[in-house]
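J.: Questions regarding the structure given below will be posed in turn.
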Amino acid sequence: MLYTYKMPTELFFGRGTAGKVGEKVLELGGKKALVVTDKGVLGAGLLGGIEESLKNSNVPYVIFDEVESDPSIETVAKGTEVLKESGCDIVIGIGGGSSMDAAKAVATMATNPGKIFDYIGIDKVKNKALPIIAIPTTSGTGSEATYWSVLTDKKTKFKTGVGGWALMPTLAIVDPLLTKTLPPKVTAFTGMDALTHAMESYVCKATQPVSEGLAIHAMKLIARSLRKAVANGDDIDAREDMIMGSLIAAMAFNVTRLGLAHALVSPLGANFNVPHGLGNAILLPHVMEFNIMAVPEKFIEIAKIFGENVDNLPQMEAAYKSVEAVKKLMKDIGITQGLEDFGVTEESLRPIAEEAYKSGNVTVNPRKSTVQDLIDITRKAMKGIK
């Protein structure tokens, strides 16, 4: 087997680490910081400690808080303009995946010509982005440890990624305390996103020993703590497990890509505003059922991770226990919706599947698929879990 594993981002993990951001800016040579975030993070008071740290370190800063869910290329252009006009030389992205993805894109456009969608795909960016500090406030996307920035053209409803090592955050500050105020629903949705990352990376054709180890440990952390974090947001041990699970799941898929759930969720999000984490959750059991026959031994391991008893069962029956386990988890954390709840119709299935089929995630999925397979999976996801 030939493989490489690369992780240029420095990780700074632990309770209270966000209060050190000012020191870290100075260590990276930053003189003025652009803080890229959204109004939800601002309203929740999560910038308080960040601002205090920057002030204590005498680091001037500008706040750009216009990032929306599924950040748009227009928002990136506006953020880049703010950065250039204010003379900032380092970017701090704080929030969920949207804020961190927008921060990566803004930092990239500060050093590269043209528009962000000139660089769709992987390794199209020529010049390294400005230094980026990524600070997650959710336990889902793992964007603080990936080289992807997922963006949307709102006019054409086209959602895609710009990726490459030039976009990687310089530093990820991962502080479990910043996730304590996440509402139960958001905790559930983002947690299922992290689980989908870990699972799709683990079973995909591009998997390798380092990513597998990371994915397995991420699934173990999520299996033991997602229910706890949803039930009691003040359970800081569960919060720590979840943000670590999200982080290392991202470290796994960053070098492997994902699978059919992620291929489908992008066009569903762009066309029907299906929240990313929730969309992955709705799709995941059906994608698992489709993939089991390709790698049943891996799905047996997943079933074991979730505490299912597979002793003395035939291989395929044991493998299907993994699907039962994920459905139980979804019910327990309150995820019972189907795609039809977001207006997805039978008529929309083919265009969604055709768009999804263009994704690089399709090629690494463990079972070879057709557009019709993607239609069938999406159709099964129309109804929620009963």
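The values are calculated or read from the model by the stated rules, or taken from the named source; none is laboratory data. Everything quoted here is computed from the prediction, not taken from an experiment. Cβ: placed from backbone, ideal geometry, glycine included. Neighbour counts: every protein chain shown. The area values use the complete protein model at the heavy-atom level, side chains included, leaving out ligands, DNA and RNA. Shrake-Rupley method; radii C 1.70, N 1.55, O 1.52, S 1.80 Å.
J.: With angles folded into 0 to 90 degrees, how steeply does helix 260-272 sit against the dominant principal axis of the chain? Use alpha carbons for both and round to 10.
T.: Result, in degrees: 60.
J.: Follow-up. Give the span of region 187-240's Cα atoms along each principal axis, as three whole-Å numbers ordered largest to smallest.
T.: 37, 18, 11
J.: Hey, what angle do you get for helix 209-231 against the long axis of the chain, alpha-carbon based, 0 to 90 degrees rounded to 10?
T.: 90 degrees
J.: Of the peptides 197-203, 319-325, how do they stack up when ordered by the mean number of other Cβ atoms within 10 Å, highest first? Mind showing how you got there, number by number?
T.: Details: 197-203: 30.4, 319-325: 21.0.
Output ranking for 197-203, 319-325: 197-203, 319-325.
J.: Whole number in Å², please: accessible area per residue of region 313-386, 1.4 Å probe, ligands, DNA and RNA not counted.
T.: For region 313-386, the per-residue accessible area is 51 Å².
J.: Under the Kirkwood approximation applied to all pairs of distinct alpha-carbon atoms, what is the hydrodynamic radius of region 231-307 in Å?
T.: That comes to 14.5 Å for region 231-307.
J.: Let me know the number of lysine pairs in region 291-332 closer than 15 Å at the Cα, not counting same-chain pairs under 8 apart.
T.: Final tally of qualifying lysine pairs is 4.
J.: If a/c stays under 1.5 just call it rounded; otherwise compare a/b with b/c (prolate if a/b is bigger, oblate if not). Do that for region 244-383, with a ≥ b ≥ c from the square roots of the Cα gyration tensor eigenvalues.
T.: prolate
J.: When the scattering of region 105-204 is computed by the Debye formula from its Cα atoms alone, each counted once and equally, what is log10 I(q)/I(0) at q = 0.16, 0.19, 0.22 Å⁻¹?
T.: Each listed q corresponds, in turn, to -0.82, -1.05, -1.19.
J.: What value in Å³ per residue do you get for the convex hull of the alpha-carbon atoms in region 1-131?
T.: On the way: hull volume 17.7 nm³, N = 131.
Here the figure is 135 Å³ per residue.
J.: Let me ask you something else. Per DSSP H run of n ≥ 4, the term is -39500 (n - 2.57); total these for the chain, divide by its residue number, and report the mean residue ellipticity at 222 nm rounded to 500 deg cm²/dmol.
T.: Roughly -15500 deg cm²/dmol at 222 nm, from the helical runs in the chain.
J.: Using alpha carbon coordinates only, what is the Rg to Rh ratio of the chain, with Rh defined as the Kirkwood radius?
T.: My calculation of the ratio gives 0.96.
J.: For Phe189, what accessible area in Å² do you get when you roll a 1.4 Å probe over the heavy atoms of the protein chains, rounding to the nearest 10?
T.: So the heavy atoms of Phe189 present about 40 Å² to solvent.
J.: Test of the criteria: in region 63-142, which trypsin sites (Lys or Arg not before Pro) are in a DSSP loop and have at most 14 other Cβ atoms within 10 angstrom of their Cβ?
T.: Within region 63-142, the qualifying trypsin sites (Lys or Arg not before Pro) (loop, at most 14 other Cβ atoms within 10 Å) are Lys115, Lys124, Lys126.
J.: Now, a different point. Suppose we keep just the alpha-carbon trace of region 168-276; what are its Rg and Dmax in angstrom?
T.: Answer for region 168-276, Rg first and Dmax second: 14.0, 38 Å.
J.: Sort largest first and round to whole Å: the equivalent ellipsoid semi-axes of region 50-121, each the square root of five times a Cα gyration tensor eigenvalue.
T.: Numbers: eigenvalues 97, 41, 18 Å².
Output for region 50-121: semi-axes of 22, 14, 9 Å.
J.: Binning at 10 angstrom from zero up to the longest distance, how are the C-alpha pair distances of region 334-386 distributed in percent?
T.: 24, 47, 28, 1
J.: Largest first, how would Thr336, Thr17, Thr141, Thr363 line up by accessible area (1.4 Å probe)? If you can, show how the numbers build up before the last one.
T.: Working: Thr336 70, Thr17 10, Thr141 40, Thr363 95 Å².
From most exposed to least exposed: Thr363, Thr336, Thr141, Thr17.
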